[in-house]
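Accompanying notes for the structure given below.
Coordinate-derived values only; no laboratory data. Please read these numbers as outputs of a predicted model, since none were measured by experiment. Ideal geometry is used to build each Cβ from the backbone, glycine not excepted, and the neighbour counts take in all protein chains shown.
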Amino acid sequence: MKGLLVRREDILRRLRSWRLKMLTVVGSGICRDHLTDRAKKIIERAEVVYGSKKALDNVREFIKGKFKVMKGFSEAEYSEIVEESKRKNVVVVSTGDPMVAGLGTKFHAEVEPGISSVQVALAKLGVDLCDVVVMNAHSKEVNLREIMHFLKFRSVLILANRRFDIKKLGELKVVLLENMCMNERVREGLASEMELSSDYTIIFIRR
């Protein structure tokens, strides 16, 4: 009986592992040539590939099956993808790295990393990631009190869009990196004198 239970648990574990492999979230990187060889192979094996238009454009040449543009990014859409992954090999492409303000936390699935905009920005700035606090202003409010607290210990990098009120940073000196790997623009100055013109903006504040 004990042997049967062990075998049953082993079978269930293998089935769970097999099902997880049916859904993979793949980081496409920011630039077109950022995609890793491992990521290319995962996408090529997929029966269906999901992603934003920007993400799919980055990987289109490696898609052998069907592709579907994600539009709502809602819980309902995520659930539909999970259900489809029970029948097919599904890949969700996340721009940059899935675990840096990406889609990696939206699914219980394997994650294939990519190069994020954070890494690209810090490489341009010559700053080590371990010396920075990263804040995501796309999905939640980032307040000045939090920023000033973190600046006591680290430099701060904020992922922002044009709706972010940079004026609230006052006289802090900032570097803006906009549209990386597209029409890149880098500006530096006082936050009070800046305007955000892109939904793909990184704000860097040196400690």
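Considering only lysines 8 or more places apart in sequence, or on different chains, count the pairs in the range 118-205 whose C-alpha atoms sit under 20 Å apart. Could you put the intermediate results ahead of the total?
Working: Lys124/Lys173; Lys140/Lys167; Lys140/Lys168; Lys152/Lys168; Lys152/Lys173.
Taking the range 118-205 as the scope, the lysine pair count is 5.
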### Query
Each label point is 7 Å from the Cα along the Cα-to-Cβ direction; what then is the distance between the points at Ser139 and Asp165, in nm?
2.3 nm
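Scan the range 110-196 for GluC sites (Glu not before Pro) in coil per DSSP, keeping those whose Cβ has at most 16 other Cβ atoms within 10 Å, and list them by number.
Values: sites: Glu110, Glu141, Glu146, Glu171, Glu178, Glu184, Glu188, Glu193, Glu195; in loops: Glu141, Glu171, Glu184, Glu195.
Listed in order of number, the matching sites are Glu141, Glu171, Glu184, Glu195.
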### Message
Could you derive backbone 3J(HN,Hα) for the range 162-167 from the dihedral phi with the Karplus parameters 6.51, -1.76 and 1.60 (θ = phi - 60°), listing whole Hz in sequence and x where the residue is Gly or Pro?
### Response
5, 7, 5, 7, 5, 4
### Task
Output ³J(HN,Hα) for the range 52-63: one whole-Hz value per residue in order, computed from phi by the Karplus curve 6.51 cos²θ - 1.76 cosθ + 1.60 with θ = phi - 60°, and x for Gly and Pro.
5, 4, 4, 5, 5, 4, 5, 10, 3, 5, 9, 7
#### Entry: Net charge over other residues, Cβ less than 13 angstrom from the Cβ of Leu169 (K, R count +1; D, E count -1)
0
#### Entry: lysines with Cα under 21 Å of Lys54, excluding same-chain neighbours fewer than 8 positions away
Lys40, Lys41, Lys64, Lys66, Lys68, Lys71, Lys106
## Note on the structure
By the rule of another cysteine's Cβ lying under 4.7 Å, the cysteines of the chain that fail to get a partner are Cys130
### Task
Find the relative contact order for the range 118-205 and round it to a whole percent, using C-alpha pairs within less than 8 Å whose residues are 6+ positions apart.
30 percent
### Query
By how many degrees, between 0 and 90 and to the nearest 10, does the Cα long axis of helix 2-20 differ from the longest principal axis of the chain?
50 degrees
### Summary
A chain fully extended from Phe73 to Asp33 at 0.36 nm per residue, minus the present Cα-Cα distance, gains in nm 11.9 nm
### Query
Looking at the square roots a ≥ b ≥ c of the eigenvalues of the Cα gyration tensor of the range 118-205, which shape do they give, rounded for a/c under 1.5, prolate if a/b is larger than b/c, or oblate?
rounded
### Task
Report, in deg cm²/dmol and to the nearest 500, the calculated mean residue ellipticity at 222 nm for the chain, where each DSSP H run with n ≥ 4 adds -39500 (n - 2.57) and the sum is divided by the residue count.
-9000 deg cm²/dmol
### Where chymotrypsin sites (Phe, Trp or Tyr not before Pro) fall in DSSP loop in the range 114-176, at most 10 other Cβ within 10 Å
Phe153
